[in-house]
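**Q** The structure under discussion is supplied below as structure tokens; questions concerning it will follow.
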Amino acid sequence: MSGNGKVTRVIRMGTRKSQLARIQTDSVAEKLKELYPDLQLEIVAMSTIGDKILDTALSKIGEKSLFTKELENALERNEVDLVVHSLKDLPTSLPPGFTIGAVLQRENPHDAVVLHPKNAGLTLDGLPEKSVIGTSSLRRAAQLKKRFPQLEFENIRGNLNTRLRKLDEKDDYAAIILAAAGLKRMGWETRISQVLGPEDCMYAVGQGALAIEVRARDRDILEMVSILHHPDTVLRCIAERAFLKQLEGGCSVPVAVYTEMKNSVLYLTGAVYSLDGSDCLKETMQTNIELDNKVPESAEENVHVGITANNISQTALDAAERLGVVLAKILLSKGAKDILTTARQLNDAR
Ligand code: DPM
């Protein structure tokens, strides 16, 4: 740290080997370098189960920490000091000893349509009947099946490079659906032909935000990364993660959210879907966010759905978490559990 800080050793950043993961890690490294010019950073790249199993839909692998386990092992063994993830790939409960020390300002959280070049100029509405859309996300497929019943949906796996290649070089898919944030980070914004608003497709919990995972006991590193927290993003993502956690959903269930922060009010819309989207429970709630100066009495106290944010008002974090929990309880009281259990069973049997 520049003169007055405590971190003087080399900081090692763990990353997956995919191009997107590298880009995300590099962008965080750059921000840290700007804030702490004297910091020595080293980037350590490794493969994860999720990178190795490329032919199976994410929702079928069943391992919740698909992209995170190897990286967490390296954190545990002190081989790396922090790991940059897409927040949406991080489970709502982290293994003991780990915490999310920073959630950075969210990019566009929405999903986007990327068309096969032969369909240039069209939108999902205008594609010929029975056109095949590539996505392995149960969440995307459920919402879009309902909204565009004339289209068909098939799995597509692999990292972003592989998916774009599968789209362009074959004739299997008329279009694929990807997160706008990932496309933008890869420099492929020009391939976005349509951004899907919440009326078409609500996004995944945490989508579009980067998170930095650290050892919970490593107070120096926690303090160092905490200035990267973006308060609005943190509050929205805590509400979203609390909602998912209370529903007991993982990355493999059709759960979608939409959040907004306006004039100190946090709005959360949450929904659960059957696999074909025909069953849907969706509600919106809001809570006031008071950014007072209440700080946590002990560090342990201030962890909300895996996120440590000691520099953000405790009252505000509590309110955001409560919003997600209460909204989930309302959906559960209306039968969300049955919808999710059935979706899980049908997906496992496929
Ligand atoms: C999770 C899902 C997907 C990723 C499920 C979902 C998409 C899987 C698929 C939990 N993680 O969204 O319903 O399409 O088969 C992932 C991407 C990003 C982070 C790529 C993407 C980049 C965007 C971001 C994969 N994880 O969704 O297009 O940082 O949010």
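**Q** Express the Stokes-Einstein translational diffusion coefficient of the chain in µm² s⁻¹, to the nearest whole number, given a Kirkwood radius over alpha-carbon pairs, 10 °C and a viscosity of 1.306 mPa s.
**A** This corresponds to a translational diffusion coefficient of 76 µm²/s.
**Q** State the answer as a single residue: which of 203, 275, 20 lies farthest towards the positive end of the charge dipole of the chain, with beta carbon charges of +1 for Lys and Arg and -1 for Asp and Glu, about the Cα centre.
**A** 275
**Q** A further question on this structure: With the cut-off at 21 Å, report for the stretch 164-268 the share of all Cα pairs above it, as a whole percent. Display every interim value, and only then the final one.
**A** On the way: 2892 of 5460 pairs.
Looking at the stretch 164-268, the distances longer than 21 Å represent 53 percent of pairs.
**Q** I would also like to ask the following. Calculate what fraction, in whole %, of the accessible area of the chain sits on carbon and sulfur atoms when a 1.4 Å probe is rolled over the protein chains. Kindly include the intermediate steps, with their values, before the conclusion.
**A** On the way: 7210 of 15200 Å².
Carbon and sulfur: 47 percent of the exposed surface of the chain.
**Q** On the first, second and third principal axes, largest extent first, how far apart are the outermost C-alpha atoms of the stretch 106-157 in Å?
**A** Rounded to whole Å, the extents work out to 33, 22, 22 Å.
**Q** May I ask you to list the GluC sites (Glu not before Pro) in the stretch 63-149 that are in a DSSP loop and have at most 12 other Cβ atoms within 10 Å of their Cβ? Can you show the working numbers first?
**A** Values: sites: 63, 70, 72, 76, 79, 107, 129; in loops: 63, 79, 107, 129.
Those satisfying the criteria are 129.
**Q** On C-alpha positions alone, give me the angle between the axis of helix 138-147 and the longest principal axis of the chain, in degrees, nearest 10.
**A** 40 degrees
**Q** How large is the dipole of the stretch 114-205 about the Cα centre if only Lys and Arg carry +1 and Asp and Glu carry -1, each at its Cβ, rounded to the nearest 20 debye?
**A** My answer is approximately 320 debye.
**Q** Mind telling me which of 339, 330, 176 comes out most flexible in a GNM of the chain, alpha-carbon contacts under 10 Å?
**A** Maximum among the listed residues: 330.
**Q** What accessible area per residue comes out for the stretch 207-350, rounded to a whole number of Å², with a 1.4 Å probe?
**A** Details: 6130 Å² over 144 residues.
Ligands and nucleic acids excluded, the figure is 43 Å² per residue.
**Q** Compute the helix-to-body angle for 19-35: its Cα long axis versus the longest principal axis of the chain, expressed 0 to 90° and rounded to tens.
**A** Approximately 30 degrees, to the nearest ten.
**Q** Going by alpha carbons, how many degrees (0 to 90, nearest 10) lie between the helix axis of 314-333 and the longest principal axis of the chain?
**A** Compared with the principal axis, the helix lies near 30 degrees.
**Q** Here is a follow-up. List the aspartates and glutamates whose alpha-carbon lies under 14 Å from that of residue 17, not counting same-chain residues fewer than 8 positions away?
**A** Partners found: 26, 51, 70.
**Q** Considering only 314, 291, 328, whose Cα is most displaced toward the positive end of the charge dipole of the stretch 275-345, charges sitting on Cβ of Lys, Arg (+1) and Asp, Glu (-1)?
**A** Towards the positive end, the residue furthest out is 328.
**Q** Take the Cα atoms of the stretch 108-240, find their three principal axes, and give me the spread along each one in whole Å, biggest first.
**A** Extents along the principal axes: 56, 29, 23 Å.
**Q** So what's Rg/Rh here for the stretch 264-350, counting alpha carbon atoms and using the Kirkwood radius for Rh?
**A** Reported Rg/Rh, Kirkwood definition of Rh: 1.12.
**Q** Now, a different point. Using a Gaussian network model on the chain with a 10 Å cutoff between Cα atoms, which of 233, 190, 15 fluctuates the most?
**A** 190
**Q** With only Lys, Arg, Asp and Glu charged, each at its Cβ (+1 for the first two, -1 for the last two), find how big the charge dipole of the stretch 180-245 is about the Cα centre; round to the nearest 20 debye. Intermediate results must be reported in sequence, preceding the final value.
**A** Values: 9 positive and 9 negative charges, 38 e Å.
Roughly 180 debye for the stretch 180-245.
**Q** Tell me the mean residue ellipticity at 222 nm calculated for the chain from its helices only (DSSP H runs of n ≥ 4, each -39500 (n - 2.57), averaged over every residue, nearest 500). Let's see the in-between values first.
**A** Working: 11 runs with 117 residues, N = 350.
Estimated from H runs of four or more residues: -10000 deg cm²/dmol.
**Q** Note down the magnitude of the dipole of the chain about its Cα centre, charges +1 on Lys and Arg C-beta and -1 on Asp and Glu C-beta and zero elsewhere, to the nearest 20 debye.
**A** Result for the chain is approximately 560 debye, rounded to the nearest 20.
**Q** Sticking with this structure for a sec: Residue 262: which aspartates and glutamates have alpha carbons under 20 Å from its alpha carbon, excluding same-chain residues fewer than 8 sequence positions away?
**A** In chain and number order, the partners are 107, 199, 232, 240, 283, 290, 292, 318, 321.
The values are calculated or read from the model by the stated rules, or taken from the named source; none is laboratory data. This structure is a prediction, so every number in the text was calculated from the model and none was measured. So basically every Cβ, Gly included, is an ideal-geometry build from the backbone, and we count neighbours across all protein chains shown. Side chains included, ligands, DNA and RNA excluded: accessible areas come from the protein's heavy atoms. Shrake-Rupley method; radii C 1.70, N 1.55, O 1.52, S 1.80 Å.
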